[in-house]
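Before any comments, here is the structure.
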Amino acid sequence: MIRIAGVDLPDTKSIEIALTYIYGIGRTRSKEILSSLEINPETKTKSLSDKDVSQLRELIEKSYTTESDLKRLVALNIKRLVEINCYRGRRHIQGLPLRGQRTKTNAQTRKKTASKQPGRRYK
């Protein structure tokens, strides 16, 4: 089993799909990485050579923000929005949609999580 960026990649899947198990890498970025290293996307993870694995690991760790670093960055961005008390920050505090979606009939999931948070009185 190959370990890249702290994530164990499944052996039985193609490397294109296996790379998407890393937080911050989707299908498009996976294809981009594999084409830059000239690795066949249909290759199974277990059949990669040690050289290919080391190239993948090096490229991902140098060029991309993934896993805990990316999660921390997102959390800091949300915290900044809350601190400056902008519209998006207030919507984060209230647990409501941020980008102009209607809330009269939709956004039930987002509204449920807001009402279950302790110390909040939002309807």
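Exactly one residue among Gln55, Gln101 is more than 21 Å from the chain's Cα centre (by Cα) and crowded, with 16+ Cβ neighbours inside 10 Å, and that residue is Gln55. With respect to being over 16 Å from Ile15 (Cα atoms), out of contact with any helix residue (DSSP H, G or I) (no Cβ under 6 Å at 6 or more places or on another chain) and either open to solvent by 100 Å² or more (accessible area, probe 1.4 Å) or not β-branched (Val, Ile, Thr) (or both), Asn40 falls outside the description.
In region 1-21, what residues are part of a helix (DSSP H, G or I) and under 15 Å from the mean Cα position of the chain (by Cα)? Matches in region 1-21: Ile17, Ala18, Leu19, Thr20, Tyr21. Considered as a group, the residues in region 17-37 that are β-branched (Val, Ile, Thr) and without any contact (Cβ under 8 Å) to a residue 40 or more places away in the chain include one that is surrounded by the most Cβ atoms within 10 Å (Cβ to Cβ), and that residue is Ile33.
If you go through region 67-123 and keep only what is at pLDDT 85 or above and among the small types (Gly, Ala, Ser), you end up with Ser68, Ala75, Gly89, Gly95, Gly100. For region 72-95, does any single residue satisfy the condition of being over 30 Å from Thr113 (Cα atoms) and of a type in the set (D, E, K, R)? No, that holds for no residue.
Tally the residues that are open to solvent by 80 Å² or more (accessible area, probe 1.4 Å) and among the hydrophobic types (A, V, I, L, M, F, W, C), restricting the search to region 80-98. Residues flagged as open to solvent by 80 Å² or more (accessible area, probe 1.4 Å) and among the hydrophobic types (A, V, I, L, M, F, W, C) within region 80-98 amount to 1.
Restricting attention to region 90-109, which residues are under 19 Å from Lys79 (Cβ atoms) and touching a Leu at 6+ places or on another chain (Cβ under 8 Å)? Those that are under 19 Å from Lys79 (Cβ atoms) and touching a Leu at 6+ places or on another chain (Cβ under 8 Å): Arg91, His92. The numbered conditions (1) under 24 Å from Ile25 (Cβ atoms); (2) in a helix (DSSP H, G or I); (3) touching a helix residue (DSSP H, G or I) at 6+ places or on another chain (Cβ under 8 Å) are all true for Ser54 except (3).
The values are calculated or read from the model by the stated rules, or taken from the named source; none is laboratory data. Just so you know, these numbers come straight off a predicted model, no measurement behind them. Quick reminder, even Gly has a Cβ in these numbers, built from the backbone with ideal geometry, and neighbours come from all protein chains shown. Surface areas here come from the heavy atoms of the whole protein model, side chains and all, with no ligands, DNA or RNA. Shrake-Rupley method; radii C 1.70, N 1.55, O 1.52, S 1.80 Å.
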